[in-house]
Amino acid sequence: MRLTPAGVILNLVEVPMKFNEIISLLEKNGFRIVKEKGSIRYYGKPGWPRLIRVDYHGSKEIPTGTCQSILKAAGLK
């Protein structure tokens with residue numbers, strides 16, 4: 001685990017990962033659920049300009065492109 005100057009915790013992220021793992025990573029970096037509708041969750045944090053959408057499916061593995069997109073949107077990649 002590594003802390004960047006912006007205070008973001010970076011694990012050496014292994015892609016792809018499971019939905020539970022990416023949720024844990026987002027929460028460690030200050031993101032919280034803002035709204036939820038069915039299996040779709042939106043995460044946000046103070047000072048972050050947009051919401052991060054995660055189609056939550058528990059212990060299933062996230063497709064590689066989707067995982068990279070979520071990490072990029074959250075500023076973790």
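The values are calculated or read from the model by the stated rules, or taken from the named source; none is laboratory data. Being a predicted model, the structure only gives us computed values, none of them experimental. Here Cβ is always computed from backbone atoms with ideal geometry, including for glycine, and neighbour counts include all displayed protein chains.
Scan the range 66-77 for residues that are at pLDDT below 90 and more than 10 Å from the chain's Cα centre (by Cα) and the total you get is 1.
Yes/no matrix, rows are residues, columns are (1) charged (D, E, K, R); (2) in contact with a Ser or Thr (Cβ under 9 Å, 6 or more places away or on another chain); (3) buried (at least 18 other Cβ atoms within 10 Å of the Cβ):
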residue	(1), (2), (3)
Ser24	no, no, no
Glu36	yes, no, no
Ser39	no, no, no
Tyr43	no, no, yes
Leu51	no, no, no
Ile62	no, no, yes
Ser69	no, no, no
